[in-house]
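Below is one structure, written out as structure tokens; the observations come after it.
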Amino acid sequence: MRKPADCNIQDLLRRLRHGDESAFTAIYNIYWKQLFYVAHKRLHSLDDSKEIVQTVFFTLWEKREQLEIIDLNFYLAAMTRHAVYKHLARQKRGKVYLLEQMDPNAKVASSTADYENKFFLQLLNKFSDSLPEKYRIVFVQHKLLDKPIDEIATQLGVSPRTVEGYVSKVMSIMREHRQKIAL
């Protein structure tokens with residue numbers, strides 16, 4: 001994400017640590033859209049995504065004096081993903097509880113889904129380890145961490161079109177692996 005040229009993020013963080021509300025407001029104005037996008041991409045719910053973003057900024061304000069943040073963009077994105085995962089886990093626990101109340105055998109189905117998710121994550125890890133370094137970085141950053149292509153391109157020192165090509169190639173490789181596994 002591009003930051004305004006006249007805005008020094010480190011200065012805003014320093015002022016935030018000292019309780020400067022205008023610094024907090026500036027940080028909010030810079031980052032809320034990006035965080036909302038990350039949350040909404042996973043949740044597909046406007047209300048839940050707004051709540052996640054509010055939670056992230058509330059936590060940032062509450063813990064402002066203890067935080068030692070080097071890269072605010074990365075830190076807030078990680079906080080958002082963590083809040084989304086907690087929200088999804090809470091929802092899943094609620095659904096599992098309701099299913100167990102209706103059908104005591106539902107607990108078996110839930111543990112089967114957990115096993116399948118662990119297996120899928122192991123496959124993704126094994127798959128990403130087999131990729132060339134730049135492909136692996138792009139796969140992890142874009143597909144697993146939801147970083148925008150422009151940001152990854154800047155990080156790798158290549159053009160956004162090159163990163164898009166990497167994503168396309170990785171997805172092609174993934175489809176080939178999926179077909180081999182299916183066989």
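Values as computed for the structure displayed
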{"read-out": "Qualifying residues in segment 55-66 (those that are assigned to a helix (DSSP H, G or I) and more than 13 Å from residue 27 (Cα to Cα)) - the one nearest to the chain's Cα centre (by Cα)", "value": "55"}
{"read-out": "Lone unmet requirement of (1) under 19 Å from the mean Cα position of the chain (by Cα); (2) modelled with pLDDT of 85 or more; (3) of a type outside the set (Val, Ile, Thr) for residue 142", "value": "(2)"}
{"read-out": "Among residues of segment 124-154, those that are buried (at least 18 other Cβ atoms within 10 Å of the Cβ), farther than 14 Å from residue 73 by Cα and not hydrophobic (A, V, I, L, M, F, W, C), counted", "value": "1"}
{"read-out": "Test: residue in segment 142-155 that is farther than 21 Å from residue 35 by Cβ, without any contact (Cβ under 8 Å) to a residue 60 or more places away in the chain and β-branched (Val, Ile, Thr)", "value": "no"}
{"read-out": "Among (1) closer than 19 Å to residue 38 by Cβ; (2) over 17 Å from the mean Cα position of the chain (by Cα); (3) surrounded by fewer than 14 Cβ atoms within 10 Å (Cβ to Cβ); (4) at pLDDT 85 or above - the single one residue 91 does not satisfy", "value": "(4)"}
{"read-out": "Members of segment 155-180 found to be in contact with a helix residue (DSSP H, G or I) (Cβ under 9 Å, 6 or more places away or on another chain) and polar (S, T, N, Q), listed by number", "value": "155, 159, 162"}
{"read-out": "Enumeration of residues in segment 45-71 that are loosely packed, with under 14 Cβ neighbours inside 10 Å and among the β-branched types (Val, Ile, Thr)", "value": "70"}
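The values are calculated or read from the model by the stated rules, or taken from the named source; none is laboratory data. Because the structure is a prediction, the values reported are computed rather than measured. As a convention, Cβ positions derive from the backbone with ideal geometry for all residues, glycine included, and neighbour counts pool all protein chains shown.
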